[in-house]
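Data block below; observations after.
Derivation of every value follows stated rules applied to the coordinates shown; laboratory data play no part. Predicted model, so just to flag it, every value in this text is computed and none were measured. So basically every Cβ, Gly included, is an ideal-geometry build from the backbone, and we count neighbours across all protein chains shown.
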Amino acid sequence: MSAIDYKTQTIKGSLRTKGRFGLFIQEVWKYRLSYLFIAPFLIAFSIFILVPVLAAIGLSFTFFNGMETPRWIGWANYEYLLSSDSIFLQYALPNTIKFAVIVGPGGYIASFILAWLIAQIPDKARLWYVLAFYAPSLAGGVAMSIIWIPMLSGDRIGYLNSFLLGLNFIDEPKLWVLDKDLIMGSMIAVTLWSSMGIGFLAMLAGILNVDKQLIEAGRLDGIRSRLQEVWHITIPVMKPQMLFAAVMAIVGAFKAGNIGVQLSGQNPTPQYAGNLLVNHVEDYGLIRFEMGYASAVSVVLLIIIFFANRLSWKLFGTKGDE
Amino acid sequence: MAAAEPVKEQKKWPLRWKKPQFVRWERAQIWLAFWLFFLGIFMLLPLIYIFNHALKPYSELFIFPPNIFVINPTLSNFSELFVVTRDSLVPASRYLFNSVTIAIFATASVVIVSALCAYPLSKHKFPGANALFMVIIVSLMFVPETMQIPRYVVVSSLGIMNTYWAHILPHVAAPVSVFLMKQFMDQVPNELLEAAKIDGAREFTVFLRIVMPICMPAVATTAILQFQGIWGSIETSVLFMTDDAMKTFPYFLQTLTQNLANSVARQGAAAAAGLVMFLPVLFVFLVFQRKVIATMAHSGIK
């Protein structure tokens, strides 16, 4: 018996004894270096994303005030949330839906149109246009509210008031961020202004990378207008970027919570008119220390976000098979 | 003549977005550029204004009718910003120091950790790779703001409250960065890596010497995004810091601007602070922009 035969026999023998699990372990061991590479991310991911999500689901079934050990109370948090929490039902939920429905798809469509238009401009000038439209998204968070507060200031010194008064559109200064009927509009406008972010860049890159030959071939196949070209060639080709941008738009629409508080300088916002689900979570979790209940609100928000994403996956995922 | 132009330009601008599609501007393009120019100015208006507002002397801040442009520029708002906190325990410079430190370290760690994770995801078919990628795609939709309470519980039970770790570590788990890097790495030809391995390069050398240089655009892009998010983030300061000296500049800004909507005081200082917040992000974007453009042209060739 040669040495090689002997070796294969022992390997076969060891396979028989180890079975499937052994094979799997062998495979894993072969790739041990790969696991070493992903380990740092996996650890961070587990600690700061996976565990919090699981903890939120767990805590949502408990009464937890941050000091005593959580006490199991079953569905009570959800029952209260969906039946008796008037702030949630009257303000936080409808406000969030309204805000997200306008800011999400609105910002998304605006990003696409602008990206497409900018892509038509010759490239040396294009750079400056990209910068002009992307810059507002750089001023996120606090900086954004500082920029907008004097713009929307309620007296006649406010730029918007002064401008509209000058044009005689309004008779007296409006309280853009303090009036309960106006704050939501202000929040939406400011968020839309800064929504040409990562999704916008992704879509621009997608549009610019559409193969010119494909468009020429489409012209030969009877595509008549630029609109048809966008619909039949550009969008299908850049579907991955469209989906990525959609996910980013959804995240952007739901993570906004502080914008109302920062603009109005009041927490909660005037008569809860700008109260979003994220504010509701903060209200219960960080002010009232009812963390179990706050977790239940988080889970509801998570579910809403999940279904919003499912929708965008349906829009831009399935067509990819065509 | 016209044909020679692009060649000449290529030398001048090696980092160009894409090959020029038009040597001359068409009429439609001029119109488009014209209208987009006005739209762009409109978008930039608030930024133009904050530049001017930050430089306005006190007498110009509240004149009527309001004037966007500054007449006598001054730096007094910036000095006021730092004088405001001189008597308090924590000076503004401390907040700024915290912010800069955290932004640099957190951005660097995110980029390194994400690149490390993206490489095997893209190039090794290890057991569980597909599952992990699915998990990452699903967690793209993760919104940290919704999970404040359990994140607070986790961080406090880790015992890192009031340390820089609590500022940096929560940012490290960034599925978006891993996703972007992985997508970019997919475009690196496998033959290149195999050739290097045949030449005796080890896995880590391949990663560091071949994959990373090719993926610099992705690195730049994720760096921009993360820096932007971390620099403006107040989440970690609000949730994980009780010690004022450990909080960040945007948090300080928020305390400064509380009730700014109702009052006129400190608007100049707030505008100056807003500028301090905005300029680094703009600067980082401008620095990396060429890299991003270069890589995008790269990925377009394939």
Dipole magnitude of the protein assembly as shown about its Cα centre (Cβ charges: Lys, Arg +1; Asp, Glu -1), debye to nearest 20: 2100
Cut-off under 5 Å, modelled amide H: who pairs with A:Thr62 long-range: A:Ile73
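Would you work out the charge dipole size for chain A about its Cα centre, treating the Cβ of every Lys and Arg as +1 and the Cβ of every Asp and Glu as -1, and quote it to the nearest 20 debye? Please list the in-between numbers first.
On the way: 24 positive and 20 negative charges, 283 e Å.
Dipole size: approximately 1360 debye.
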Given N residues in the range A:86-162, what is its alpha carbon radius of gyration divided by 2.2 N^0.38 Å? 1.50
Sort all Cα-Cα distances of the protein assembly as shown into consecutive 20 angstrom bins from zero, then give the percent of pairs in each bin up to the one containing the longest distance. 17, 49, 28, 5, 1, 0
Diffing the range A:302-314: the Karplus 3J(HN,Hα) column from phi (6.51, -1.76, 1.60, θ = phi - 60°), in whole Hz with x for Gly and Pro, holds 4, 5, 4, 4, 4, 6, 4, 5, 4, 4, 5, 5, 5
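On average, how much area does the Cα convex hull of the range B:94-186 cover when viewed from any direction, in nm²? Walk me through the numbers before you get to the answer.
Numbers: hull surface 27.8 nm².
Over every viewing direction, the Cα hull of the range B:94-186 projects on average to 7.0 nm².
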Among A:Trp72, A:Trp193, what is the fewest-to-most ranking by other Cβ atoms within 10 Å? A:Trp72, A:Trp193
At 7 Å along Cα-to-Cβ for each site, give me the label-to-label distance between A:Ile109 and B:Ile71 in nm. 4.5
Is there a quick way to get the dipole size of the range B:164-249? I mean about its Cα centre, with the Cβ of Lys and Arg at +1 and of Asp and Glu at -1; what is the value in debye to the nearest 20? 80
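Would you kindly give the portion of the calculated P(r) for chain A that falls above 25 Å, as a percent of all Cα pairs? It would help to have the intermediate numbers written out before the result.
Working: 34291 of 51681 pairs.
The calculated P(r) of chain A puts 66 percent of pairs beyond 25 Å.
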Ranked on Cβ counts within 10 Å of their own Cβ, fewest leading, A:Tyr31, A:Tyr91 go A:Tyr31, A:Tyr91
I need the phi-derived Karplus couplings for the range A:165-178: 6.51 cos²θ - 1.76 cosθ + 1.60, θ = phi - 60°, integer Hz, Gly and Pro marked x. 5, x, 8, 6, 6, 10, 8, 9, x, 9, 8, 4, 10, 10
Run the count for chain A, please: Lys pairs, Cα-Cα under 19 angstrom, 8 or more apart or on different chains. 10
Which value in Å does the Kirkwood hydrodynamic radius of the range B:190-253 take, with 1/r averaged over all unlike C-alpha pairs and then inverted? 14.8
Using the C-alpha gyration tensor of the range A:186-305, what are the square roots of 5 times its eigenvalues, in whole angstrom, with the largest one first? 43, 15, 10
Residues A:Met144, A:Met67, A:Met203 in order from fewest to most other beta-carbon atoms within 10 Å are A:Met67, A:Met144, A:Met203
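Work out how much length A:Phe24 to A:Lys212 would gain on full extension: take 0.36 nm times their residue separation and subtract the Cα-Cα distance, in nm to one decimal.
Working: separation 188, 0.36 × 188 = 67.68 nm, distance 4.62 nm.
Full-extension gain reported as 63.1 nm.
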